[in-house]
Each structure stands twice: as C-alpha cells, then as structure tokens.
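Data block below; observations after.
The values are calculated or read from the model by the stated rules, or taken from the named source; none is laboratory data. What you see is a predicted model; the values in this text were computed from it and never measured. Positions of Cβ are backbone-derived with ideal geometry, glycine not excepted, and every protein chain shown enters the neighbour counts.
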C-alpha cells in the first residue's frame with residue numbers, strides 16, 4: 001500500500017476528530033458539517049483508488065452512496081428529525097447492499113439482525129424513560145431500528161463467516177455506528193446528556209472506518225489480480 005494513501009487517510013482522521021471535538025463543545029452546524037465532510041472526502045479519495053486499480057466497483061460505489069447519504073443526514077438531522085432519519089435509513093440500506101457485494105447474503109446473516117431487532121424493540125417499546133412525543137415518531141424509530149439491525153447484523157455475520165481485513169473493518173465501523181445511534185436515542189428521547197458525547201465519539205470514528213474500507217478493498221482486489 002502506497003504511503004501517500006495512508007497519509008491522506010491519517011489527515012482525514014485528524015480533521016474529522018478535530019471538528020468532532022469542536023462540535024461536541026459548541027454544537028455549531030458548520031463544525032458538524034466539516035467533520036462529516038472529512039469522512040465523505042476520505043471515501044471519495046479511497047473510491048478513486050478503486051477506480052485507479054481497476055477493481056470491481058459495485059462495493060465502493062454502493063458504500064460511497066451510503067456515506068454520502070450519511071453526510072446529508074447529518075445536516076438534515078439538525079433541521080428536521082424525520083428527514084434526517086429517512087436519509088440515514090436509506091444510507092443503511094446502501095451499506096447493507098455494499099456488504100452483500102463482499103459476502104453474498106445467506107439466511108444465517110439474519111440471526112444477528114433478529115437478535116438486535118428484538119433487543120432494540122423491547123427497549124424502544126417498553127423503556128419508561130424514553131419519550132417519543134407521538135405515535136408517528138415512535139413508529140419511525142422502530143422502523144429505523146430494524147434497518148440498522150440488518151446492516152450491522154450482516155457485518156457481524158460476515159466477520160464470523162470469513163475473518164479477513166475487509167470484513168473486520170466493516171464490522172468495526174458498523175458496530176460503532178449501531179452504538180452511536182443507540183446512544184443518540186437515549187440523548188434525544190431519554191434526555192440523557194452524556195449519551196450525546198458517546199454518540200459523537202463512536203459515530204465519527206465509525207464513519208471513518210467505513211470510509212476506509214474501499215481502500216482496503218482496492219488493495220485486496222489488486223493483490224488478487226497480481227497473483228493471478
């Protein structure tokens with residue numbers, strides 16, 4: 001792997017974490033947008049490497065679409081909660097599709113997803129300290145929980161099935177994303193302020209890791225081509 005590729009991704013990580021910390025202290029939309037802009041730029045850079053290496057592009061293209069939707073959702077969430085959730089939910093679907101281009105979907109992939117769905121729905125439906133204000137929002141959060149559970153469940157199933165670098169990165173990023181959304185729910189609907197920082201400091205590292213995956217994919221596929 002060329003040192004320049006690693007150097008660029010390190011710069012992206014430093015920028016992302018810097019603005020993540022600044023946003024956690026100020027709550028300014030500009031700083032949030034800049035933090036999110038770093039993981040989007042990182043993913044664009046790593047996807048360009050996939051193009052340069054002439055590898056199959058389905059995984060990086062779907063992953064880039066998911067990352068772009070996450071960027072848009074970060075901005076929209078500050079303006080309208082439902083629009084932000086819809087964009088994030090759509091992004092999770094694109095993540096799931098991207099993962100299926102690494103490891104084909106198998107019925108057992110649903111097992112971790114179902115475990116997550118059951119656990120989340122029990123909390124969402126019965127936790128007395130969560131106030132969703134209205135039935136529509138309550139239902140929207142339930143639907144969102146199902147979608148992110150399938151995304152994360154697929155990633156967990158893949159790393160159990162095949163332990164390699166790309167699956168490990170995808171699983172790590174997806175799990176951090178899951179934790180961040182879980183914490184965000186407690187922050188917004190449970191009014192637990194500490195959960196907000198947990199959300200921020202798991203979400204942005206998680207997105208950085210996911211945006212790194214096209215680079216790992218490009219290296220793997222290029223090595224396969226060289227070996228053949």
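Say whether the condition of being modelled with pLDDT of 95 or more, surrounded by fewer than 19 Cβ atoms within 10 Å (Cβ to Cβ) and not in a helix (DSSP H, G or I) is met by at least one residue in segment 57-69.
Checked segment 57-69: at least one residue is modelled with pLDDT of 95 or more, surrounded by fewer than 19 Cβ atoms within 10 Å (Cβ to Cβ) and not in a helix (DSSP H, G or I).
Table: residues versus (1) surrounded by fewer than 16 Cβ atoms within 10 Å (Cβ to Cβ); (2) over 19 Å from the mean Cα position of the chain (by Cα); (3) outside any loop (DSSP other than H, G, I, E, B).
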residue	(1), (2), (3)
95	no, no, yes
99	no, no, yes
108	yes, yes, yes
112	no, no, yes
129	yes, yes, no
136	yes, yes, yes
150	no, no, yes
172	no, no, yes
183	no, no, yes
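Hey, residue 227 hits all of (1) modelled with pLDDT of 95 or more; (2) surrounded by fewer than 22 Cβ atoms within 10 Å (Cβ to Cβ); (3) more than 18 Å from residue 101 (Cβ to Cβ) but one; which does it fall short on?
Exception for residue 227: condition (1).
What single numbered condition from (1) more than 16 Å from the chain's Cα centre (by Cα); (2) under 27 Å from residue 110 (Cα atoms); (3) buried (at least 21 other Cβ atoms within 10 Å of the Cβ) fails to hold for residue 218?
Against the list (1) more than 16 Å from the chain's Cα centre (by Cα); (2) under 27 Å from residue 110 (Cα atoms); (3) buried (at least 21 other Cβ atoms within 10 Å of the Cβ), residue 218 comes up short only on (2).
Can you run down the residue pairs with Cβ atoms below 9 Å, 6 or more apart or on separate chains, where the first is in segment 80-100 and at positive phi and the partner is at pLDDT 95 or above and crowded, with 20+ Cβ neighbours inside 10 Å?
none
Here is a list: 8, 14. Which entry is assigned to a helix (DSSP H, G or I), surrounded by fewer than 13 Cβ atoms within 10 Å (Cβ to Cβ) and out of contact with any strand residue (DSSP E or B) (no Cβ under 8 Å at 6 or more places or on another chain)?
14
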